[in-house]
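A.B. asks: Sending over a structure as structure tokens; questions will come in a sec.
What follows draws every value from the coordinates through simple rules; no lab data is involved. The shown structure was predicted, so the numbers you read here are calculated from the model rather than taken from an experiment. Backbone-built Cβ (ideal geometry, glycine too); neighbour counts: all protein chains shown.
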Amino acid sequence: AQSVTQLDSHVSVSEGTPVLLRCNYSSSYSPSLFWYVQHPNKGLQLLLKYTSAATLVKGINGFEAEFKKSETSFHLTKPSAHMSDAAEYFCVVSSWGGGKLIFGQGTELSVKP
Amino acid sequence: GAVVSQHPSRVICKSGTSVKIECRSLDFQATTMFWYRQFPKQSLMLMATSNEGSKATYEQGVEKDKFLINHASLTLSTLTVTSAHPEDSSFYICSASRDRGQETQYFGPGTRLLVL
């Protein structure tokens, strides 16, 4: 079975400093992995997607994530945080055969001025 | 492209009444739509998967008679919460994908349901 674990429930950074949101996955096959962002009382927006092409995936708003098979990790990073980045972030893995998405528990990112 | 809308965005109803939530793909045809439920400060839990023209597939523990799903066209799916109770209060989010088994899902903005 596939699963994802987001290692931090809450991360707080200062504006202009780097962001690191950690995610580990478990899968018996080569998975597709996603990061989604959710602003308060809003739906989810796709930040980026990994599908066994390049291991370093660039997404929107300056975010990127690196797929590391040896570490079963898919951490999300951004060089410089902006106030508008404050939101809930979900690491997601697709089920075998695609279609169903399995969500991590979420990481709340706070950005201090 | 790939915009999904939900209506209403917020609804308050009395216990025992039924509430219908619509999910529409505005600029693409959605072969498959998904319904999720999200409690405060928690992750999304998949409730059911619906394919156009066929019956929805419900996840374990989700009452199909309580949460009626109709995917009547390639751009519209509806979720009806029947005989709603306060414990049904939640944030309901739909998503849509272009093809069966297609991994990328496009999410709607969600519907906040409050049952009094």
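A.B. asks: Quickly work out the residue B:9-to-residue B:80 label distance, labels modelled 7 Å from Cα along the C-beta direction, and quote it in nm with one decimal.
C.D. replies: Going from the residue B:80 label point to the residue B:9 one covers 2.6 nm.
A.B. asks: A follow-up question, please. Cut-off under 13 Å on the C-alpha distance; same-chain residues fewer than 8 positions from residue A:100 excluded. Which aspartates and glutamates are left, in chain and number order?
C.D. replies: Of all the aspartates and glutamates, those that pass the test against residue A:100 - Cα under 13 Å, at least 8 places apart if same chain - are B:59, B:99, B:103.
A.B. asks: Let me ask you something else. Placing +1 on the Cβ of each Lys and Arg and -1 on the Cβ of each Asp and Glu in chain A, which of A:93, A:36, A:81 has its Cα farthest towards the positive end of the resulting dipole?
C.D. replies: A:93
A.B. asks: Something else now. Pick from A:88, A:64, A:15: which is most flexible by mean-square fluctuation in a GNM of chain A where alpha carbon atoms under 10 Å apart are linked?
C.D. replies: In this elastic network of chain A, the residue with the biggest mean-square fluctuation among A:88, A:64, A:15 is A:15.
A.B. asks: Kindly point out, ordered by number, any Cys in the protein assembly as shown whose beta-carbon has no other cysteine beta-carbon under 4.7 Å away.
C.D. replies: By the Cβ distance rule, which asks for a partner under 4.7 Å, the isolated cysteines are B:13.
A.B. asks: Just want the ordering: B:47, A:83, B:33, from fewest to most Cβ atoms lying within 10 Å of their own Cβ. Write out the running numbers ahead of the final one.
C.D. replies: Details: B:47 23, A:83 10, B:33 30.
Lowest to highest Cβ neighbour count: A:83, B:47, B:33.
A.B. asks: Next up: Semi-axes of the equivalent ellipsoid for region B:25-116, please: Cα gyration tensor eigenvalues, times 5, square-rooted, ordered largest first, whole Å.
C.D. replies: Each semi-axis is the square root of five times an eigenvalue, giving 22, 14, 12 Å.
A.B. asks: Mind listing which chymotrypsin sites (Phe, Trp or Tyr not before Pro) in region A:1-76 are in a DSSP loop and have 14 or fewer other Cβ atoms within 10 Å? Mind showing how you got there, number by number?
C.D. replies: Details: sites: A:25, A:29, A:34, A:35, A:36, A:50, A:63, A:67, A:74; in loops: A:29, A:63.
Of the chymotrypsin sites (Phe, Trp or Tyr not before Pro), the ones in loops of region A:1-76 whose Cβ has at most 14 other Cβ atoms within 10 Å are A:29.
A.B. asks: So, one more: Is there a simple number for the mean count of other chain Cβ atoms within 10 Å of the Cβ of residues in A:100-109, and what is it?
C.D. replies: Per residue, the average neighbour count from other chains is 4.
A.B. asks: What distance in nm lies between label points placed 7 Å from Cα along the C-beta direction at residue A:108 and residue B:116?
C.D. replies: Spacing of the two 7 Å Cα→Cβ label points: 2.8 nm.
A.B. asks: Tell me the GluC sites (Glu not before Pro) within region B:43-104 that lie in a loop according to DSSP and have at most 11 other beta-carbon atoms within 10 Å.
C.D. replies: Working: sites: B:52, B:59, B:63, B:87, B:103; in loops: B:52, B:59, B:63, B:103.
Here the sparse-neighbourhood loop sites are B:63.
A.B. asks: Can you tell me the relative contact order of region B:1-104? Whole percent, Cα pairs under 8 Å, sequence separation 6 or more.
C.D. replies: For region B:1-104, the relative contact order is 35 percent.
A.B. asks: Right, here's the next one. At a Cα cut-off below 18 Å, give the lysines reachable from residue B:66, other chains included and same-chain residues fewer than 8 away excluded.
C.D. replies: Of all the lysines, those that pass the test against residue B:66 - Cα under 18 Å, at least 8 places apart if same chain - are B:14, B:20, B:55.
A.B. asks: Relative contact order of chain A, please, whole-number percent, based on alpha carbon pairs below 8 angstrom and at least 6 residues apart.
C.D. replies: Worked out over chain A, it gives 37 percent.
A.B. asks: Could you pull out every one of the lysines with an alpha carbon less than 18 Å from that of residue A:42, ignoring same-chain neighbours closer than 8 positions?
C.D. replies: In chain and number order, the partners are B:41.
A.B. asks: Along each principal axis of its Cα atoms, how long is the protein assembly as shown end to end? Whole angstroms, biggest number first, please.
C.D. replies: 49, 39, 32
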